[in-house]
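Below is one structure; the comments refer to it alone.
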Protein chains: 2
Amino acid sequence: MKHMSSLTPGYPHLMEEGVSSEELFQGRFLHAFRDTVKLPDGSTSTREYVVHPGAVMVVPLLDDGRVVVERQYRYPVRRVMIEFPAGKLDPGEEVLACAQRELFEETGYVATEWVRAGVLHPVISYSTEFIDIWFARGLTQHERKLDAGEFLDVFAATFEELMTWSREGHLTDAKTLTALLWLQNIRSGAWSLDWQVTGDPEAGR
Amino acid sequence: MKHMSSLTPGYPHLMEEGVSSEELFQGRFLHAFRDTVKLPDGSTSTREYVVHPGAVMVVPLLDDGRVVVERQYRYPVRRVMIEFPAGKLDPGEEVLACAQRELFEETGYVATEWVRAGVLHPVISYSTEFIDIWFARGLTQHERKLDAGEFLDVFAATFEELMTWSREGHLTDAKTLTALLWLQNIRSGAWSLDWQVTGDPEAGR
C-alpha cells in the first residue's frame, strides 16, 4: 500500500524540504509564514502559508434521523452558509473535548455517544489546518452559550434535504460536504463507525 | 425555499456589514486583510482573511471507468496528498478555460466533453476562495507542461480505490472528498450532469 501512504520516505521525487522560515504576519487571528524550501531537483522556492491550531467538526444525529446544522454568515465569502457545528481547538485541548464544547456552546446539544470518523484538510496549498470529523448521537438539548459576537441559527434537516441543497448549490461548505460523504456511506452501510459511550451525558458541558 | 438561500436579505439577524478594511499583508502569494464589521446587534468586531482569485478542480473520467488523480507534496500540511487536478484562475480567465489549462498542464490530458457540477468554498472562516467543480471526459493523453518548480505524479484510480483511501484516512483533501460526493451520486444516478461537447479536442491546449 506504499503508493498511497502519506509518509514521506516513499516519494523522494516529490518531497520539499524546509530550509528556513520567516514570520510574515501575526494578526489577531491569522498567523502567516514564508518558508524557503528545497525542491526535489535541488532548486529552491518559497511557500507562504497560515498556521492554524486545527479544528473539530461534529455531525449531530437526532433520534428521528435528522441532523443538526447551523446557518451562519461568513464574512470572507459574504454569504449565509449551511454548516455542521465546528470550531478551533483551544491550546492543549483534546479533540473530543473540543467537539463536545463546540457542539454545546453553538447548539446547546449534549451527546451520550461519540465517534471519530476521520480528518480532512481544507486548504492544503496555504494552511496547516486540519479538521477532525466526529459524529455524535444520544442528543439532548440545553441552552446554548454562544461566544460574544457569535450569531448563528441552529436547525434540524433531513439527509435528503442536505443532499438536495448540495446538488443545487445552496450548500457549498467543503467541510460539510465532506461530512455528507461520510454520512451517505455510513447510512448505506458501506462505511461503519465504532461508537463510544461517553458515560455521563453532562460530560460534554 | 427562503430558509436555504445564500442571499443576504433573508437573514438580517445574522448579517455582518463591512465598515472599513485594512491590508494586513501582501506576499508573493498570500494577500490578507483585516476588516472592521458591524455585527447584527450593532456592536463591532474584526475579520481577518485571505483574498484568493478562485480556483477550478477537474474530475477527469477515463473511458475504462477510472479517474485521473495526482499525488503531490503539500508543504503546509507536510504530506504527500492524493488530489484531483486543480489550479488558480489567472486574471480575467474563464473557469472552463482554466479547467482545460490546468488539466493539460498538470496531467497532459485533453478532453472533448466538459460539464460544470458546482462550486465549493474550502475555508469560509478566513479566505474568499471558491473552487469551481468540473467533470471532463473523452480524454486523450499528451505530454504535460508542468510549471517550473512543480512536481507531481499522475495516475489512474478506480472509484472504489478512492473511496477506500478516503475511509481509511489516506485521502483527506477536502476538495477531492467533495468531488467524490459528486462522483458517487452521479455514478448512482441520484445526481445528473448536462455534458457539453467542446468541439475541437485540442481546444483545451
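The values are calculated or read from the model by the stated rules, or taken from the named source; none is laboratory data. Keep in mind it's a predicted model, so treat the numbers as computed, not measured. Positions of Cβ are generated from backbone atoms using ideal geometry, with glycine treated the same way; all protein chains shown enter the neighbour counts. In case anyone asks, the SASA skips ligands and DNA or RNA and just uses the protein heavy atoms, side chains included. Shrake-Rupley method; radii C 1.70, N 1.55, O 1.52, S 1.80 Å.
Miscellaneous remarks
- Working note: Cα gyration tensor of the protein assembly as shown, eigenvalues times five, square-rooted, sorted largest first, giving semi-axes of 33, 25, 22 Å.
- Heavy-atom surface of region B:55-191, accessible at 1.4 Å and reported per residue (Å²): 34 Å²
- Accessible area in square angstrom per residue, region A:4-51, 1.4 angstrom probe: 52 Å²
- Cβ charges +1 (Lys, Arg) and -1 (Asp, Glu), total dipole of region B:1-133, debye: 400 debye
- Helical content alone sets the calculated 222 nm signal of chain A at -5500 deg cm²/dmol, taking -39,500 (n - 2.57) per DSSP H segment of four or more residues and averaging over every residue.
- Using a 1.4 Å probe over protein heavy atoms, the accessible area lost on pairing B with A, summed over both chains, comes to approximately 7400 Å².
- Centre separation in Å (Cα based) which lies between region A:43-70 and region B:81-112: 26 Å
- Lysine pair count for the protein assembly as shown [Cα-Cα under 30 Å; pairs on different chains or 8 or more apart]: 26
- Within region A:75-98, the residues that become at least 40 Å² less accessible when every protein chain is included than when their own chain is isolated (1.4 Å probe; DNA, RNA and ligands ignored) are A:Y75, A:P76, A:V77, A:R79, A:V80.
- Residues whose amide H falls under 5 Å from that of B:V80, counting only those 5 or more places apart or on a different chain, are B:R74, with hydrogens built in the peptide plane.
- From phi via Karplus (6.51, -1.76, 1.60), per-residue ³J(HN,Hα) for region B:29-37 in Hz, x at Gly/Pro: 10, 7, 10, 10, 10, 10, 9, 8, 10
- Taking the C-alpha atoms of region A:4-51, convex hull volume expressed per residue in Å³: 79 Å³
- Surface accessible to a 1.4 Å probe, A:K38 within the full protein complex, Å²: 90 Å²
- Across the identical copies, how the A:R78 labels are spaced - nm, sorted shortest first, 7 Å along Cα→Cβ: 3.8
- Copy-to-copy label distances for A:E168, where each label lies 7 Å from Cα along Cα-to-Cβ, are 3.9 nm in order of increasing length.
- Our summary gives chain A a relative contact order of 21 percent, counting only alpha carbon pairs under 8 angstrom and 6 or more residues apart.
- Taking GluC sites (Glu not before Pro) across region A:1-104, the ones in a DSSP loop with at most 13 further Cβ atoms lying within 10 angstrom of their Cβ are A:E94.
- Here the relative contact order of region A:4-51, from alpha carbon pairs under 8 Å that lie six or more residues apart, stands at 31 percent.
- Inter-copy label distances at B:E143, shortest first and taken from points set 7 Å along Cα to Cβ: 7.2 nm.
- Across region A:55-191, Cα-Cα distances exceeding 21 Å account for 39% of all pairs.
- Cut-off under 5 Å, modelled amide H: who pairs with A:F130 long-range: A:G54, A:A55
- Rolling a 1.4 Å probe over the protein heavy atoms of the protein assembly as shown, with every protein chain left in place, gives an accessible area that is 48 percent carbon and sulfur.
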